[in-house]
Amino acid sequence: AQKVTQAQTEISVVEKEDVTLDCVYETRDTTYYLFWYKQPPSGELVFLIRRNSFDEQNEISGRYSWNFQKSTSSFNFTITASQVVDSAVYFCALSSTGRRALTFGSGTRLQVQP
Amino acid sequence: DAGVTQSPTHLIKTRGQQVTLRCSPKSGHDTVSWYQQALGQGPQFIFQYYEEEERQRGNFPDRFSGHQFPNYSSELNVNALLLGDSALYLCASSQNRDRVFSNQPQHFGDGTRLSIL
C-alpha cells in the first residue's frame, strides 16, 4: 500500500519569511514518482513539480525549491521569501509504475500574512 | 490552449437521486481520472479511463460509474446519492505515451462541487 503523510495541517507565516512544507511517503515500489500540487481557493489543483525515484537531485524554480531524500522517504517543499499569493493548500502526492492513481496527502494549508 | 474543463460548477441534489458530471480533458490528453475531495481532505482516486475503458478503480462502490467518449471527454455518474457523497469532484487528464501511465503529471480542472441535501 502507498501512503503520503503531511503532518503539518496549517502553517501561518508573515510575508517574506521562508517556509518548508514536509512530506513523508511510504511505498514498496522501487520506481515511483512524487508530485507537489497547489490548490488555491478556486479549487483547481495546480501542478508544481514531478520527481522520479531515481533522481535525487534537489530542484530550484524561482522562490520554490524541493528536497528529495530517499533515505528518509521525504520530499519537502520550501518557499523562499513567501508572498501573500502563496496562500493555498499544498498537496504532496505519490504514484508508481503500474499504479495509475495518485495517492495524496491530507494537505498543508499555508497562510501568508501581509 | 484550453485546460481541463468541468461542468457543472455547482450542483445540489437530494438523497437517492442520480447525478452526471462532465469533463473535457486538456488538449492533447487521452486519459481521464476522477477524484473525490471531501472538505479538508486530500483527493481520493475514484477511477481512470483510457481508450474508453476503465483501467483502474479506487475504493468506491458500484454506485460510482463512468464513461469515456471517442473524443476523450468523460462522465462520472453517481446513483442513489448519499449525504456522504457531498464533495468536490475533480477531473484530471494526462497524456500517456508508451502506455506508461504513472509518471505523467495529471492536470486538474476546477471541479464540480456537489451538495446532497
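Meeting the requirement of 3 or more residues that are within 10 Å of chain B (Cβ to nearest Cβ), the strands (runs of 3 or more DSSP E) wholly within chain A are A:32-39, A:46-52, A:88-96, A:99-104.
Strands (runs of 3 or more DSSP E) wholly in the stretch B:17-117 with at least 2 residues that are more than 11 Å from chain A (Cβ to nearest Cβ), under 14 Å from the mean Cα position of the chain (by Cα) and aliphatic (A, V, I, L, M) - which ones?
Strands (runs of 3 or more DSSP E) meeting the threshold: B:19-24, B:74-78.
Within the stretch B:12-27, does at least one residue satisfy the condition of being under 17 Å from B:Arg113 (Cβ atoms) and buried (at least 22 other Cβ atoms within 10 Å of the Cβ)? Yes: one or more hits.
Please verify whether B:Leu82 is open to solvent by 20 Å² or more (accessible area, probe 1.4 Å) and modelled with pLDDT of 95 or more, treating the condition exactly as stated. Judged against the criteria, B:Leu82 is a match. Do we find a residue being among the aliphatic types (A, V, I, L, M) and modelled with pLDDT under 95 anywhere in the stretch B:7-29? Checked the stretch B:7-29: no residue is among the aliphatic types (A, V, I, L, M) and modelled with pLDDT under 95. For the condition free of Cβ contacts under 8 Å to residues at least 40 places away in the same chain and surrounded by 19 or more Cβ atoms within 10 Å (Cβ to Cβ), B:Phe60 does not qualify.
The single residue among B:Tyr49, B:Tyr35, B:Tyr72 that is open to solvent by 20 Å² or more (accessible area, probe 1.4 Å), closer than 19 Å to B:Thr5 by Cα and among the aromatic types (Phe, Trp, Tyr) turns out to be B:Tyr72.
The values are calculated or read from the model by the stated rules, or taken from the named source; none is laboratory data. This is a predicted model, so every value here is computed, not measured. Cβ coordinates were reconstructed from backbone atoms using ideal geometry, including for glycine residues, and neighbour counts include every protein chain displayed. Accessible surface is based on the protein model in full, side chains and every heavy atom, while ligands, DNA and RNA are left aside. Shrake-Rupley method; radii C 1.70, N 1.55, O 1.52, S 1.80 Å.
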